[in-house]
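Peer 1: Let me begin by handing over the structure; questions about it come next.
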């Protein structure tokens, strides 16, 4: 029996132990990172609180009943607690009649005020902060990025780290011989065990598993030392993820989870205690969204009326993911929505869950329905298609959840689509109605919807109609209806939220888009869904009208941008009286300002339509709080300039940005390259030559390739024939 090379074995065991220790440190670092974040939050909150002390008059010291000679302080020129906080003990005690005890009492009162103010400070993360807190703000964003990146590594290597630790313990407990001296005096059994274990160690250290674990250690070193620039880029891409973390860790400040105040305390507590299994969910949820998902699960049949832009869809998906993760049986979800958002639902389900999505609509309706029946998952259909499938569900299938998006579409109880949906009440274990329209403004409409989910509450709601504007009314609705506004739950967020609205092509969209591909004109392809004369057949216009309806219900004004004159002309004609005017390259500057002023005086729901190169510069359009882009822009600076017209000093509302896009078209290709290049452009987004290099992101070569890719996709026979013609020539 050959003696192992104990020198080599010792090195290999040390490598395994070192790696195991490194992974233990990776997980121990979590508490240190959390501590750093909390410390920075407290520091920033303390600075803000000390500023606010200057707004609190010295008179407040009288309420302390500590015998403080307030008049002496005022006579000496101290008018605020902030001034006292800055003063030294010597300066205060130099005043007549104020000694050590009174100084201590003053310090205690000022500290109590400061702590109270700090606990209510809302930390706003701002990568462009130019204030005196800029360094602390940047450091906090960087620490949050470190934590988020580190958590991704920790999550990915959790199982591997456990296996590595098990192996390290196996070596430790193996009883193998560790040196040549002990080898001489050991038994044959012990020697054989050592040889076997040595061979196993050689094999383990040479394995791809061990290589991957060593690589993970290097990845963690990078993840836990995020640069300031990388942190800012990450925050700009996904600020929600940062705020989710801040909400959970910055618990010494005002960034605390929101508790919906119109829900009775006992019910709110029951909802909060509801288990939420997010094993099959891959997104980040804010506290109010977690509460919303729990509300859906706990109350079973409800109306979710959150204001537009607060993520009703993601709350619904989180609830569905919980159901799928906790039920032993096959789950069936049915989502009914406007045709214009079918593709959006499918994309969101794929992005945030493991729930398979089936779009039951159009020519593939029959095939998709059968696949849904066989496999389970989420069927997504529109109101118009319900008549074709309701008979096959009613009394034949059990739905884990029925989701009705834009539920105000079924406000008319006598409409066919309403009747179809109401037939499924007994088939559905849970029902979720979603609408961004504030239902309190129309009690009759609300009662029609409540009558579907909670008919036992309908009469109660009708009886309280006369107090629909009072808090008591909302509290009475708590078991069935919840609505949060952006002002309530997103106080600390930057005042802008951006959404991609993917609109499934209509048949007319497809036909006109194919003609554009045949023509080979890139500019025509970019106008997908705006190529036809009849805008009522445009999928983008369908979604646009729905967004404008929501905007009107919330009293918001809208500006719509397109690069193309023909598009803005068609859109303005479609909108009719909603459109207060059109700005194009030919519009005089004085007329442009007149239209901006006109928008300011117009009622909510009014729209200004503008060519992006004309309305994107030189104007202040703060009265609009919704921006819609009809197509992706070749230059990021065009969008940036256009947004800056709305998102600027004087804007008093959160800005919502919507991009109208069609899947499987040039929009897809443009968004891919925009995502890749945007970060590079942002790094150099000034007036330099470098910025210009990143600005015009699509060169002739890319355009040629993109056109050919679309031709292969939509015109395979034509492309093949042309190829043969080329070969013959």
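Peer 1: Dimensions of region 1-248 along principal axes (Cα, Å, largest first)?
Peer 2: Computed over region 1-248, the largest-to-smallest principal extents equal 97, 45, 23 Å.
Peer 1: Sort 657, 571 by Cβ crowding within 10 Å, fewest neighbours at the top. Walk me through the numbers on the way to the answer.
Peer 2: Details: 657 19, 571 23.
With the fewest neighbours first, 657, 571 line up as 657, 571.
Peer 1: Normalise the Cα radius of gyration of region 322-414 by 2.2 N^0.38 Å (N = residues in it) and let me know the number.
Peer 2: Values: Rg = 12.9 Å, N = 93, 2.2 N^0.38 = 12.3 Å.
So region 322-414 has a normalised radius of gyration of 1.04.
Peer 1: What fraction of the DSSP beta bridges in the chain is antiparallel, stated in percent and rounded to the nearest 5?
Peer 2: Numbers: 2 of 49 bridges.
Around 5 percent antiparallel, to the nearest 5.
Peer 1: Arrange 211, 549 by Cβ neighbour counts within 10 Å, fewest through most, would you? Could you put the intermediate results ahead of the total?
Peer 2: On the way: 211 11, 549 14.
Sorted ascending by nearby Cβ count, the order is 211, 549.
Peer 1: Okay, next question. Please report Rg over Rh for region 257-488, where both radii come from the alpha carbon positions and Rh follows the Kirkwood definition. Before the final figure, lay out each step's value.
Peer 2: On the way: Rg = 16.9 Å, Rh = 17.9 Å.
Here the Rg-to-Rh quotient is 0.95.
Peer 1: Given contacts defined as C-alpha pairs under 8 Å and at least six residues apart, what's the relative contact order of region 1-248, whole-number percent?
Peer 2: On the way: 199 pairs, mean separation 70.8, N = 248.
Relative contact order for region 1-248 comes out at 29 percent.
Peer 1: Now for a different question. Please report the base-10 log of the normalised intensity I(q)/I(0) for region 409-455, using a Debye sum with one equal scatterer per alpha carbon and no solvent, at each q in 0.25, 0.30, 0.31 (1/Å).
Peer 2: Cα-only, vacuum Debye calculation for region 409-455: -1.01, -1.30, -1.34.
Peer 1: How many percent of DSSP beta bridges within region 257-488 run antiparallel, rounded to 5?
Peer 2: 5
Peer 1: Within a 10 angstrom radius of the beta carbon, how do 345, 702 rank from fewest other beta carbons to most?
Peer 2: Working: 345 23, 702 14.
Going from least to most buried by this count: 702, 345.
Peer 1: So, by mean Cβ neighbours within 10 angstrom, what's the order for 86-96, 14-24, 397-407 with the highest one leading? Could you put the intermediate results ahead of the total?
Peer 2: Details: 86-96: 13.0, 14-24: 15.9, 397-407: 21.9.
Sorting 86-96, 14-24, 397-407 by mean packing, highest first, produces 397-407, 14-24, 86-96.
Peer 1: What number, in nm² with one decimal, is the all-direction average of the projected area of the convex hull of the alpha-carbon atoms of the chain?
Peer 2: If I average the Cα hull's projected area over directions, I get 49.3 nm².
Each value in this text was obtained by applying a stated rule to the coordinates, not by laboratory testing. What you see is a predicted model, and the numbers here were worked out from it, not measured in a lab. Every residue, glycine as well, gets a Cβ built from its backbone with ideal geometry; the counts of neighbours run over all protein chains shown.
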